[in-house]
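Below: one structure, written as C-alpha cells.
The values are calculated or read from the model by the stated rules, or taken from the named source; none is laboratory data. Every value quoted in this text rests on a predicted model; they were computed, and no experiment measured them. All Cβ positions, glycine included, derive from the backbone under ideal geometry; neighbour counts span all protein chains shown.
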Amino acid sequence: MDIDDKIKEIEEEIQKTPYNKATSHHIGKLKAKISKLKEESIQRKSSGSKGQGFSIKKSGDATAVLVGFPSVGKSTLLNELTNAESKVGAYQFTTLDIIPGVMEYNNAKIQIFDIPGIITGASSGKGRGREILSVARTADLIIVVLDVFNPQHLEVIIRELRNIGIRPNEKKPDVTVHKRRLGGVQLSSTVELTYLDEKTIRSILNEYGIHNASVLIRDDVTIDQFIDALEINRTYIPMVTLLNKVDLVDKNHLTEIKKTIPDFIPISADKDMNIDNLREIIFEKLNLIRVYLKPQGRKADMVDSLIIKKGSTVIDACGKLHREFVKNFRYAKIWGTSVKFPGQKVGPDHVLDDEDVLRVILKK
C-alpha cells in the first residue's frame, strides 16, 4: 500500500468515527498520522521529481502571487495592476512560466507574480502543481482569482494550498513545545481548551515520538491547529479572493455567490472595473505603513516615504535605510501618532505608526 492509499484509508476511518470526548484522542492520533504521511509524500515526490523548477527573484517592498485555475484572467489582471506584459489568450495554460510585475501604490513597490494556472491535484504534483504552489509559500499575500462562472474552484484552491502547508488567512497557533530528555509531558494552558484534552494532546505527541516535553498553550486551538504547531513547514499567509469577469453577469448571480463566498472582491480585469479599489486592498492586506524621513537641519520629505511592515521598530527602519544607521544609532525623534508629543526622543525598539516622521541621530 503506497502513502496516498494509506492517507485515504485513514481519512475514511476518521469519517466513520463519531466525534466526541471519548473518541477525540483517537481522531487526534489519526489526524497526526495523516499529517506525517502527507509530509513524507511531499518529501519523496520532491526528491524524486525531475525537470527544472520555477526560479523567482524577489524585489520591492512586498510580494503577492496570483493563484487560480487556467483562463480565469490572471494575466490580464497582472497587466492592469503592473507594468508587466504577461501573455493573454482565450485558451488554457497561456502562462507557462512565472511572470513578474511591479505595482506602485502609496510609494510602495509591490511585486506581483502571475503563476501558471493550477488544477485539481496540483499539490500532488499534477501539472507541475507542487512547483507552482511553492511560489505561493514565499509570498507576503496570496491573491486568488476566480472565474465568475466557477466560484466553486475556491474550495479546490484552498485545499491544494493547505496540502502543501499553507494556511491562508490563519494566524500561527500560540503553542510552545519544548522537548526534554526526561520528565514526561507537562501541560499548561492560559486559556480554557474547548477542543483538546490532555489525553488527546498526549496521543498526538506520541504519534510524533514526543514523550518528554513541556507544552504551553495560549490559544483555544483545535486538533488540526495543534498538529500544525508541531509541523515545521506551515506557512501563514494573508489571502484575498477576487471574482473576475463580473461584467458578464447580473446582480442576482453575484448575490447567489455571496451566500457561499461572502467576502469576495468583484472585478473585471478586462474592463478595468474596481482595479483602483483592489490596489488599495492589496496595500492594506500587506500591512504596509509609510514613514517619512526628516534629516537633521532639513524639512521632512513628505513625498517619498520609507515603506515598512506594520509593527516595525525604529531599528527595523534603520536597517532598511543602511546598515551604518544600525551600527551607529544613538536615538531617534518622532513626529506622529506613535508618540505622545511632536519630536519625542525614542530608542531603537519604539514601534512606528503609519505616516510617522522619523529623524535618526547617529554617533559621531
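The table for this structure:
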item: Verdict on Pro266 being under 27 Å from Leu161 (Cβ atoms), assigned by TED's automatic domain parsing to the domain that holds Ser71 and either of a type in the set (Gly, Ala, Ser) or modelled with pLDDT of 95 or more (or both); result: yes
item: Glu324 vs. criteria of a type in the set (Asp, Glu) and either closer than 30 Å to Ser71 by Cα or in contact with a His (Cβ under 6 Å, 6 or more places away or on another chain) (or both); result: no
item: Any hit, segment 135-142, residues being modelled with pLDDT of 90 or more and outside any loop (DSSP other than H, G, I, E, B); result: yes
item: Verdict on Leu293 being modelled with pLDDT of 95 or more and at negative phi; result: no
item: Residues within segment 317-332 that are surrounded by fewer than 18 Cβ atoms within 10 Å (Cβ to Cβ) and in contact with a strand residue (DSSP E or B) (Cβ under 8 Å, 6 or more places away or on another chain), tallied; result: 7
item: Tabulated pairs, segment 268-287, first closer than 25 Å to Asp354 by Cα, second among the acidic types (Asp, Glu) and not in a helix (DSSP H, G or I), C-beta under 7 angstrom, 6+ apart or interchain; result: Leu286/Asp140
item: Scope segment 47-73; condition under 15 Å from Val135 (Cβ atoms) and modelled with pLDDT of 90 or more; matching residues; result: Ala62, Thr63, Ala64, Val65, Leu66, Val67, Gly68
item: Some residue of segment 239-258 being surrounded by fewer than 19 Cβ atoms within 10 Å (Cβ to Cβ), within 30 Å of Asn106 (Cα to Cα) and either modelled with pLDDT under 95 or hydrophobic (A, V, I, L, M, F, W, C) (or both); result: no
item: Matching entry among Leu293, Leu362 (being in contact with a helix residue (DSSP H, G or I) (Cβ under 9 Å, 6 or more places away or on another chain) and farther than 27 Å from Thr63 by Cβ); result: Leu362
item: Meets criteria (more than 29 Å from the chain's Cα centre (by Cα) and not assigned by TED's automatic domain parsing to the domain that holds Gly73) for Val249; result: no
item: Some residue of segment 265-278 being assigned to a loop (DSSP other than H, G, I, E, B) and crowded, with 19+ Cβ neighbours inside 10 Å; result: yes
item: Answer from Leu230, Leu187 - the residue that is touching a residue at least 40 places away in the same chain (Cβ under 8 Å), of a type in the set (A, V, I, L, M, F, W, C), out of contact with any Cys (no Cβ under 9 Å at 6 or more places or on another chain) and over 30 Å from Leu81 (Cα atoms); result: Leu230
item: Test: Lys340 is in contact (Cβ under 8 Å) with a residue 12 or more places away in the chain and either under 21 Å from Thr63 (Cα atoms) or not aromatic (Phe, Trp, Tyr) (or both); result: no
item: One residue from Val215, Val144, Val175 being in contact with a Leu (Cβ under 8 Å, 6 or more places away or on another chain) and in contact (Cβ under 8 Å) with a residue 60 or more places away in the chain; result: Val144
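Matching residues to (1) part of a loop (DSSP other than H, G, I, E, B); (2) surrounded by fewer than 16 Cβ atoms within 10 Å (Cβ to Cβ):
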{"position": "His178", "(1), (2)": "no, yes"}
{"position": "Ser188", "(1), (2)": "no, yes"}
{"position": "Tyr195", "(1), (2)": "yes, yes"}
{"position": "Lys199", "(1), (2)": "no, yes"}
{"position": "Ser203", "(1), (2)": "no, no"}
{"position": "Val215", "(1), (2)": "no, no"}
{"position": "Gln225", "(1), (2)": "no, no"}
